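Okay, structure first, notes after.
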Amino acid sequence: MCIRDSCHWAFLHPDVRSLEAETDAENAASQRVLEKCGFRPNGIIGEEGPRFSLAPMEVKNNILTEETFIELYSSVGWEPPCEAQVRLALQNSLATFTALENGKPVGMVRLIGDGGMSFYIKDFAVLPDYQGQGVGRALMNAMESWIEKELQPGWAVSLELISSKGRESFYAKFGFEQRPNDWDGAGMMKMVWR
């Protein structure tokens with residue numbers, strides 16, 4: 001956690017464009033820790049051994065294409081809808097957010113809703129090799145910042161989702177509450193087919 005926190009702190013400084021780390025060539029455990037924190041081998045061998053680089057995760061709004069959506073959606077084991085259905089869903093989203101590492105899409109989330117009282121998080125997916133490396137956090141932060149900018153002073157809105165099974169703890173870190181609870185019943189959904 002210290003490495004991840006140090007990286008986060010470093011990237012808060014606008015002049016920091018990337019970070020580099022070097023490990024002993026025989027220290028596979030340190031290399032795995034760096035990779036788990038998002039560092040990637042950069043092909044350079046330093047005095048101690050291989051070097052690893054980390055660039056800040058970039059999140060862009062409304063660049064999500066049908067092809068990228070289907071790739072990311074499928075990567076987490078979900079059966080994707082057809083391309084025409086995805087196209088219509090993207091067109092009707094309030095906003096989409098795509099996480100990029102060195103220009104490669106590694107995560108996505110769509111935001112749908114009425115723009116005034118209710119927002120709904122949909123299709124939150126991160127490539128399995130990038131899970132646990134801050135991609136989800138970057139997407140969530142970008143999405144919440146977007147919502148805050150859209151709100152009028154004094155407004156409060158509901159941000160809702162249905163979590164994938166076993167992923168509830170990720171959303172709890174951002175203040176989401178599980179249902180049912182003392183004041184709300186369980187969330188419900190129904191699929192409509194034609």
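The values are calculated or read from the model by the stated rules, or taken from the named source; none is laboratory data. As the structure is a computational prediction, the values presented were derived from the model and not from experiment. Every residue, glycine as well, gets a Cβ built from its backbone with ideal geometry; the counts of neighbours run over all protein chains shown. With ligands, DNA and RNA removed, areas are computed over all heavy atoms of the protein, side chains included. Shrake-Rupley method; radii C 1.70, N 1.55, O 1.52, S 1.80 Å.
Quick notes
- Filter result for P56 (assigned to a loop (DSSP other than H, G, I, E, B), surrounded by 14 or more Cβ atoms within 10 Å (Cβ to Cβ) and at pLDDT below 95): yes
- Hey, G136 of a type outside the set (F, W, Y) and loosely packed, with under 15 Cβ neighbours inside 10 Å or not: no
- If you go through segment 63-89 and keep only what is small (G, A, S) and not in a helix (DSSP H, G or I), you end up with just G77.
- Pairs where the first residue, in segment 138-151, is on the phi > 0 side of the Ramachandran plot and of a type in the set (S, T, Y) and the second is surrounded by fewer than 17 Cβ atoms within 10 Å (Cβ to Cβ) and in a helix (DSSP H, G or I), C-beta under 7 Å, 6+ apart: none
- Among (1) assigned to a strand (DSSP E or B); (2) open to solvent by 70 Å² or more (accessible area, probe 1.4 Å); (3) touching a strand residue (DSSP E or B) at 6+ places or on another chain (Cβ under 6 Å), the one test that G43 misses: (3)
- G132 fulfils the conditions (1) within 8 Å of the chain's Cα centre (by Cα); (2) outside any helix (DSSP H, G or I) except for a single criterion, (1).
- The lone exception for G107 - which of (1) open to solvent by less than 50 Å² (accessible area, probe 1.4 Å); (2) in a loop (DSSP other than H, G, I, E, B); (3) of a type in the set (G, A, S); (4) within 17 Å of G136 (Cβ to Cβ) it fails: (2)
- Condition check for W78: exposed (fewer than 15 other Cβ atoms within 10 Å of the Cβ), free of Cβ contacts under 8 Å to residues at least 60 places away in the same chain, of a type outside the set (D, E, K, R) and under 29 Å from R40 (Cβ atoms): yes
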